[in-house]
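Readers should treat all values here as calculations from the given coordinates under stated rules, not as data from a laboratory. Since the model is a prediction, treat every value here as computed from it, not as a measurement. Using ideal geometry, Cβ is built from the backbone for each residue, glycine included, and neighbour counts are taken over all protein chains shown.
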Amino acid sequence: MIYISRKEHFNAAHKLWNPTWSDEKNFEVFGPCANVNWHGHNFELIVTVKGLPDPDTGFVVDLKQLSTLIRKLIIDKVDHKNLNVDVDFMQGKLASCEILVMEFWKILEPAVKEITKFGGLNKLTLYETPRNFVEYFGEEI
């Protein structure tokens, strides 16, 4: 099995806020991430595809096609946006990296299947900061 990855970058603002909690509880749990005026990050999204090379091309996935797909389906919708307000697939959801990466998976997984002959989406890694990141393999608990 071969694993191949593409990294894309986007900037976005958000705040962590549970509308069912009091202001006090939100600030206690989320701290400065609950800032009423939002805060921003320089995100890095790494999309990893697994599979076997296509005998005609030698590729698991054409990285140019993968980059175009990621940019069209994800980056164009979240770059320089407020995740809580501007992003349709995040409406009504907590804007944590964990929820965000799960929503990315729902969008990318079927699209990646269409551009790979012998593989599919393996993992998404989303860096919020250089030290804080999440990985998602499409598994539900």
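With +1 on each Lys and Arg Cβ and -1 on each Asp and Glu Cβ, and nothing else charged, work out how big the dipole of the chain is about its Cα centre, in Debye to the nearest 20.
Using Cβ point charges on Lys, Arg, Asp and Glu, the chain gives about 280 debye.
Most exposed first by the Cβ proxy, i.e. fewest other Cβ within 10 Å, how do 10, 137 rank?
137, 10
Are any of the pairs 7/113; 93/123; 15/50; 7/72; 50/93; 7/106 more than 25 Å apart by Cα-Cα distance, and if so, which?
Listed pairs above 25 Å: 15/50; 50/93.
Quick one: grab Rg to one decimal and Dmax as a whole number for the chain, Cα atoms only, in Å.
Rg, Dmax (Cα atoms, Å): 16.6, 60.
Residue 16's amide H: which non-local residues (gap 5+, or another chain) put their own amide H closer than 5 Å, with H modeled 1.01 Å from N in plane and none for Pro or chain starts?
34, 35
Starting from the Cα gyration tensor of the range 59-128, multiply each eigenvalue by 5, take the square root, and state the resulting semi-axes largest first in whole Å.
24, 12, 10
Using 0.36 nm per residue, how much length does the chain from residue 3 to residue 71 gain when fully extended, once their Cα-Cα distance is taken away?
Extra length available between residue 3 and residue 71 comes to 22.5 nm.
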